[in-house]
Every structure is written in structure tokens, then in C-alpha cells.
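Read through the structure below, which is laid out as C-alpha cells, and then see the notes.
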Amino acid sequence: MSASTTTTAPVVLTAEALLLDMDGTLVNSDAVVERCWREWAVSHGLDPDEALRVVHGRQGYATMAILLPERPMELNHAENSVMLARETADTDGVVPVGGAAQFMAAIEGLPHALVTSADAALATARMTAAALRMPDVRVTAESVKASKPDPEGFFMGAAELGVDPADCIVFEDSAAGIAAGLAAGMRVIGIGPRAAAHAPTAHVQDLTSIRVATTKAGSIELTLTPPA
């Protein structure tokens, strides 16, 4: 059955590997992100609501470059290091996305990787705070030269797993992440309310709407119940 963002009938997709974003996809870290980035925006005389429209899915330096386009990039990288340390230390309100624990249990032993704009320390802190298993294969901020929406991270995840990009399915919540997955030639399952407006291959409210199985050939089969 082909994927659709408009039908309420179940959607069935098959893949050889899954590439998982973290924030907004496995972990709900919105409380921390909002606290940290609102304060940063105000300290720079910026509209905090505008900052929050840009930040999701991107590395911090890339968000800063959009919001302060005239500023030298080395300052963005320096401030991003401070921001990462602050976010890593703040796990108040970090919780799993609905169904995340069951989903991670269901895909254990199947080819999958975490592809996140967080660095390794932040990814570990948030997955731990949400009591979620950390995938063995991880592509974090230190791994890539370019932030999402550049597809580099997803290409790297596919390569680490030894799977053709076209045979991967990406799980994402943000405009930048969805754009990156599609640019990599991959199908994208949009997770949560942010994803719906950015034309993912299919969309669900959270991970409770996804059932995982394997085909006789050993492929991963995902059955999605889209939002009504």
C-alpha cells in the first residue's frame, strides 16, 4: 500500500534499516529547548518565538547563523558549545515520546541507527533521562560537517549500517529533519504535530501508532495508523 498523509487507512512500509532522529521523535525535550533558547534569544534582542520556529532539528550553531546572519560563524560555534553544555545538564521535563520504549524494544536486533543533531553527551543525557535504550549505531553532531537539513547524517547512518539509502526509512519530527531525509532519497515517517506540515511520506501522532514486524525475506515491515 502506498503511503499517504491524507488517508486514515493503515499504511504499510517495508525497509532494510531505520534511521531515527531523537528530539521530538523518541524523546520529548521541548521543555528544555524552550527554556534554553528563549533565554538565548532574549539575551540577543531576538523574538524568542521566532527562535523556536527555527531551532528544531538543527544544530545550535546553524540556528544561530539563521537568526544572526551577520555574526561570524566562530562565535556561533563557541556559543553552541555553551548551549550544548547547558542543555546536557538540564533534563527537567525530558520524557519519552508516546510509545518510544515499546518501539525501541520492537526494533532491537533489527538494523537501525540514531541520527541526531545533538552531540554524544546530550544524546546520552536525554536518552537516559527518558529511560530509552541507546542504539549501537549513532550519528551525532561530532560525526558530521553539516547540520540538517543537509542529508549528510542520514547518508552516514545508511553507510554505517551497510544499507542503500533508498532502502532506509527515516523517523523525524522537524522541517529540517524531514527535508534532510527526503534529500537523501529516503522515505520519511513524520512523528508528532510539527511533522504534519512538512510533507513526510507518512505521518503519525506518536510511536504508539506504529507496529513493527519482519517479512519472510527479513525486511522490516511497519504498519502505521495515521491520525484521523
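Spin-label pair residue 183-residue 145: with each label point 7 Å from Cα along the Cα-Cβ axis, the two points sit 1.4 nm from one another. Across the chain, the volume of the C-alpha convex hull divided among the residues equals 111 Å³ per residue. Relative to the longest principal axis of the Cα atoms of the chain, the long axis of helix 120-129 lies at roughly 70 degrees.
Sequentially through the range 50-55, phi angles give Karplus couplings (6.51, -1.76, 1.60; θ = phi - 60°) of 5, 4, 5, 6, 9, 5 Hz, Gly and Pro residues having no value and appearing as x.
For the pair the range 72-110 and the range 150-171, the centres of their Cα atoms are 20 angstrom apart. The residues packed around residue 143, meaning those with a beta-carbon under 12 Å from its beta-carbon, carry a net charge of -2 if Lys and Arg are +1 and Asp and Glu are -1. What the phi angles of the range 197-209 give under the Karplus curve with 6.51, -1.76 and 1.60, with θ = phi - 60°, is a coupling list of 7, 10, 6, x, 4, 8, 9, 9, 6, 7, 7, 5, 8 Hz, glycine and proline written as x. The Cβ shell under 14 Å around residue 163 holds other residues with a net charge of -3, Lys and Arg each +1, Asp and Glu each -1. In order along the range 131-138, the phi-based Karplus estimate (6.51 cos²θ - 1.76 cosθ + 1.60, θ = phi - 60°) of 3J(HN,Hα) comes to 6, 10, 5, 8, x, 5, 9, 9 Hz; Gly and Pro are listed as x.
Note on residue 82/residue 216: beta-carbon distance plugged into 1/(1 + (r/R0)^6) with R0 of 41 Å gives a FRET efficiency of 0.20. Provide the FRET efficiency to the nearest 0.05 for the residue 73-residue 208 pair, computing r from the beta carbons and using R0 = 45 Å. Step by step, r from the Cβ atoms, then E = 0.65.
Assuming R0 = 30 Å, what is the FRET efficiency of residue 121 and residue 9, from their Cβ-Cβ distance, to the nearest 0.05? E(calc), rounded to 0.05, equals 0.10. Going 7 Å from the Cα of residue 159 toward and past its Cβ, which residues in the range 109-148 have a backbone nitrogen under 18 Å from where you end up? Backbone N within reach: 112-117, 137-148.
Laboratory data are not the source of any read-out in this text; all were calculated from the coordinates shown. Owing to the predicted nature of the structure, the values given are computational and were not obtained by experimental measurement. Cβ coordinates were reconstructed from backbone atoms using ideal geometry, including for glycine residues, and neighbour counts include every protein chain displayed.
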